[in-house]
Amino acid sequence: MGLIDKLFGQKPASAIAPLYDAIIAQGRAPHWYLDGAVPDTMDGRFDMIAAILAFVLLRLESDPQAAEASARLTEQFITDMDGQLRQNGVGDVGIGKYVGQMMSMLGGRLGAYRDALAAGDLGPAVKRNLYRGDNPGEAALAHSIAQLLALRDQLAAVGTAEILAGRLA
């Protein structure tokens, strides 16, 4: 029995839903798009949700018992992205290709944010991954960096069980 099952006694999909919903809510917060100037487009929203998801996954890496939860969270992301693509008219033939690209993008972000946090300079990774290399302006970039670092600190202060329950701060 995995950590999620022990903590919540629920089926995998329903057990991870509160956390995934919290990640989506964080990624849709207006301040990212207003103060942070993240493009309010499908790509921009994907980039923001992927950033929040990456920070949560990086936090879960610090707890060896959370490996199963991380896998289930990633599976939920894939399921959600599959549904979003279908809603936007992508057919069965193209789904695998797009989902594969999204997973590659998520993996790249995990590595980029992990390395940037270790180096103490989140700026280049945020600029590349949230703004796709465009310059959003100094204030917007500073806002996004500060908010992501605050999220990292909030996640570090919260227990794994609380995170899995959807409490990110």
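Which one is modelled with the highest pLDDT, of the residues in segment 34-47 that are part of a helix (DSSP H, G or I) and surrounded by fewer than 17 Cβ atoms within 10 Å (Cβ to Cβ)?
My answer is Leu34.
Going through (1) closer than 25 Å to Asp35 by Cβ; (2) at pLDDT below 95; (3) in a helix (DSSP H, G or I) one by one, Gly96 falls short only on (1).
With respect to the stated conditions, Thr79 is β-branched (Val, Ile, Thr), modelled with pLDDT under 95 and farther than 21 Å from Ala112 by Cβ. From the list Ala71, Ala112, the one residue that fits, being at pLDDT 90 or above, over 24 Å from Gln147 (Cα atoms) and out of contact with any Leu (no Cβ under 8 Å at 6 or more places or on another chain), is Ala71. Listed by first and then second residue, the pairs with beta-carbon distance under 7 Å, at least 6 apart or on different chains, first residue in segment 50-67 and over 18 Å from Ala22 (Cβ atoms) and in contact (Cβ under 8 Å) with a residue 24 or more places away in the chain, second among the aliphatic types (A, V, I, L, M) and assigned to a helix (DSSP H, G or I), are Gln65/Leu3. Against the test of being at positive phi and surrounded by fewer than 17 Cβ atoms within 10 Å (Cβ to Cβ), the options Gly111, Gly120 yield a single qualifying residue, Gly120. Of all residues in segment 48-70, those that are closer than 16 Å to Ala15 by Cβ, open to solvent by 20 Å² or more (accessible area, probe 1.4 Å) and within 13 Å of the chain's Cα centre (by Cα) total 1. Against the definition (open to solvent by 20 Å² or more (accessible area, probe 1.4 Å), modelled with pLDDT under 95 and either closer than 30 Å to Gly137 by Cβ or within 17 Å of the chain's Cα centre (by Cα) (or both)), how does Met105 come out, yes or no? Here the answer is yes, as Met105 does meet what is asked. Scanning segment 132-139 for residues that are open to solvent by 80 Å² or more (accessible area, probe 1.4 Å), among the acidic types (Asp, Glu) and closer than 23 Å to Glu61 by Cα turns up nothing.
The values are calculated or read from the model by the stated rules, or taken from the named source; none is laboratory data. Every value quoted in this text rests on a predicted model; they were computed, and no experiment measured them. Using ideal geometry, Cβ is built from the backbone for each residue, glycine included, and neighbour counts are taken over all protein chains shown. The area values use the complete protein model at the heavy-atom level, side chains included, leaving out ligands, DNA and RNA. Shrake-Rupley method; radii C 1.70, N 1.55, O 1.52, S 1.80 Å.
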